[in-house]
Every structure is written in C-alpha cells, then in structure tokens.
Amino acid sequence: MSDGFSTLDEYKVGWWKKGNHYRYCYGIFWGGLTPFVKYRTKSSHLSNSRKATAINAVCDNWFPKAEYLGMELEQEGETE
C-alpha cells in the first residue's frame with residue numbers, strides 16, 4: 001500500500017467522491033490471502049443494478065485520493 005492508505009481500516013463503508021465520480025465502498029473482503037475493496041458506482045446504485053466491482057486493495061489508488069462523504073449520498077439540488 002505504497003501510495004495509498006497505511007492500513008486496510010481506512011477503507012470506510014459508505015460513499016466516496018473523487019472529482020465527478022462517486023463510489024459506494026462495501027469494505028474489504030479477502031480472496032485467499034489478497035484483500036479486495038468491494039464497491040459500486042453511483043450509476044449502478046441509481047439504476048438498482050446488482051453489479052459490484054472489486055479491486056485489489058494493494059493496487060488501489062482511487063479511494064486514497066477520494067473524499068469520504070459518509071453513509072448517505074445527498075441528492076443533487078437538495079437545499080437545507
């Protein structure tokens with residue numbers, strides 16, 4: 001995890017944003033001895049797709065550079 005997180009615990013469950021791209025992280029799961037980050041894109045979420053993707057946590061450079069937003073994703077156009 002050279003340029004990424006220092007521990008796997010930094011992969012928080014919830015929504016992350018990098019630029020205009022959003023991903024929902026389900027956390028880490030193990031495929032044998034290899035840790036994988038399981039996530040789903042915002043477009044998959046909005047279309048109720050069952051598709052999820054997993055990437056090797058050692059090679060991941062998207063989540064460490066992204067901003068954690070929390071468990072809920074604000075709808076665009078909402079005002080407080």
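The values are calculated or read from the model by the stated rules, or taken from the named source; none is laboratory data. Remember, it's a predicted structure, so these values are computed and weren't measured experimentally. Note: ideal-geometry Cβ built from the backbone for every residue, glycine included; neighbour counts use all protein chains shown. Side chains are part of the model used for accessible areas, which takes the heavy atoms of the whole protein and leaves out ligands, DNA and RNA. Shrake-Rupley method; radii C 1.70, N 1.55, O 1.52, S 1.80 Å.
Overview of values
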| item | result |
| --- | --- |
| Three principal axis lengths of the chain [C-alpha, angstrom, descending] | 43, 26, 17 |
| With every protein chain in place, the chain: carbon and sulfur % of accessible area (1.4 Å) | 48 percent |
| Where labels lie 7 Å past Cα in the beta-carbon direction, separation of N56 and T7 in nm | 2.4 nm |
